[in-house]
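Some notes on the structure that comes next.
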């Protein structure tokens, strides 16, 4: 477990740092009457393009479901905002259409094959009854394929909405294009901006979880080690960036070889030297022909305006970015209370903090017992996921804070504690500089910039009333 006590440099400024942090952080307050198994916290960066969604539970064919996700916008917050508002309801409606079943209803759209029919039992009845049971419908494979389809369908709708209002942008005059943009700004912005997603679909009845991710946001499973309070963590999804070899080669092989130097300009691991994600919602500048960018997308005042010229120069055989998600299934029944399993869903701002902490504390002791043992003496150096897993569950360090400030901190919010401890350990100087500029989101200097950080912590075995 990591030592969350601040450095000497931080001790002299702990109160100012805490006040600065609270100025830019929002969080959930657990309801002691209706206790929730999930908590969230968000540090708003410059500018804030993160969004998140925690759905209400819904009942479908005798099972209780919930969807929880974070969305990290880029080029603007429009796509992330739209996802946070609409993706969960899209998912629920699609599930109800695909999987709803009652004995009186019509056959399911996904009928069982003879090989999957169950033998007679007290719960399934006569095996000669070919009506699909919920158990058969909600298989690991069926739900995984369903999630992949729905992510692609939702993204396709973002692009199709633009084509519906402008099927032939190359035929527009500049005046016509501007009028079209002015009248359909939100539709165009949703396709022009982009967003990642890290989400979990929960079958709470059977204690099963499907992880569904697009881009570089993350889902981590953290558990306690045997006979110890220390925690270990594992990343449950694959990041869709050029740093992942499979993604780098997938993009490279999907286009003519003569394009390769243009896709990865000067060896940069960004598409056209601009976009660090290889899969995302939106980003239709990288999915549609350049005529859409010339006449429509370029008119949206984005935080990534510098990418327009690069896209116009090098976009030859789109798409370069796809929405296909990485889906992983986890059987939560394999964990017990002693392991205290926790699922951490977060945008990449948290990982950046953990990476920074790895670098700044290299060769320093981070042990709790003061023995001087260094975490970095391990045979394998720690990763950002190790750092995040290690800090999870440690309370926010309140040493040196006055009671009136302590009262502002939430109780029993592991997401808040995780962000607070990592920011105060990793970048205290930058946090003070960042907050000194108040709310001026126009400042883009590296000395002031801090990425948005959004974290949701869900505990599968937490009691709920």
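The values are calculated or read from the model by the stated rules, or taken from the named source; none is laboratory data. From a predicted model like this one, the values you see are computed outputs, not experimental measurements. Virtual Cβ from ideal backbone geometry, glycine too; neighbours counted across all protein chains shown.
Checking each residue in segment 189-216 for being out of contact with any helix residue (DSSP H, G or I) (no Cβ under 6 Å at 6 or more places or on another chain) and part of a loop (DSSP other than H, G, I, E, B) picks out 196, 204, 205, 206, 215.
Applying the criterion of being in contact with a strand residue (DSSP E or B) (Cβ under 8 Å, 6 or more places away or on another chain) and surrounded by fewer than 20 Cβ atoms within 10 Å (Cβ to Cβ) to the residues of segment 298-321, the residue that is farthest from residue 252 (Cα to Cα) is 303. Residues in segment 144-173 that are without any contact (Cβ under 8 Å) to a residue 60 or more places away in the chain, over 26 Å from residue 198 (Cβ atoms) and part of a helix (DSSP H, G or I): 163, 164, 165, 171.
Here's the yes/no breakdown for (1) part of a loop (DSSP other than H, G, I, E, B); (2) at pLDDT below 85:
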{"site": "417", "(1), (2)": "no, no"}
{"site": "430", "(1), (2)": "no, yes"}
{"site": "434", "(1), (2)": "no, yes"}
{"site": "438", "(1), (2)": "yes, yes"}
{"site": "441", "(1), (2)": "yes, yes"}
{"site": "447", "(1), (2)": "yes, yes"}
{"site": "454", "(1), (2)": "no, no"}
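All conditions but one from (1) over 25 Å from residue 454 (Cβ atoms); (2) in contact (Cβ under 8 Å) with a residue 12 or more places away in the chain apply to residue 271; the one that does not is (1). At least 3 residues being closer than 16 Å to residue 343 by Cα is the threshold, and among the strands (runs of 3 or more DSSP E) wholly inside segment 19-88 those reaching it are 38-43, 50-54, 63-74. Residues in segment 231-252 that are loosely packed, with under 14 Cβ neighbours inside 10 Å and outside any loop (DSSP other than H, G, I, E, B): 234, 245, 246, 249.
For segment 252-292, filtering for residues that are farther than 20 Å from residue 308 by Cβ and touching a strand residue (DSSP E or B) at 6+ places or on another chain (Cβ under 8 Å) leaves 1. Just one residue in the set 331, 340 is more than 20 Å from residue 420 (Cβ to Cβ), surrounded by fewer than 23 Cβ atoms within 10 Å (Cβ to Cβ) and in contact with a helix residue (DSSP H, G or I) (Cβ under 9 Å, 6 or more places away or on another chain); that residue is 331.
Does residue 7 satisfy the condition of being surrounded by fewer than 16 Cβ atoms within 10 Å (Cβ to Cβ) and either modelled with pLDDT of 90 or more or on the phi < 0 side of the Ramachandran plot (or both)? Yes, satisfied. All of 44, 19 fail the test of being under 18 Å from the mean Cα position of the chain (by Cα) and either closer than 26 Å to residue 398 by Cα or at pLDDT 90 or above (or both), apart from 44.
Tallying residues that are out of contact with any strand residue (DSSP E or B) (no Cβ under 7 Å at 6 or more places or on another chain) and closer than 21 Å to residue 212 by Cα within segment 322-340 yields 2. Scanning segment 253-297 for residues that are over 19 Å from residue 322 (Cβ atoms) and either out of contact with any helix residue (DSSP H, G or I) (no Cβ under 6 Å at 6 or more places or on another chain) or crowded, with 21+ Cβ neighbours inside 10 Å (or both) returns 257, 258, 261, 265, 266, 267, 268, 294, 295, 296.
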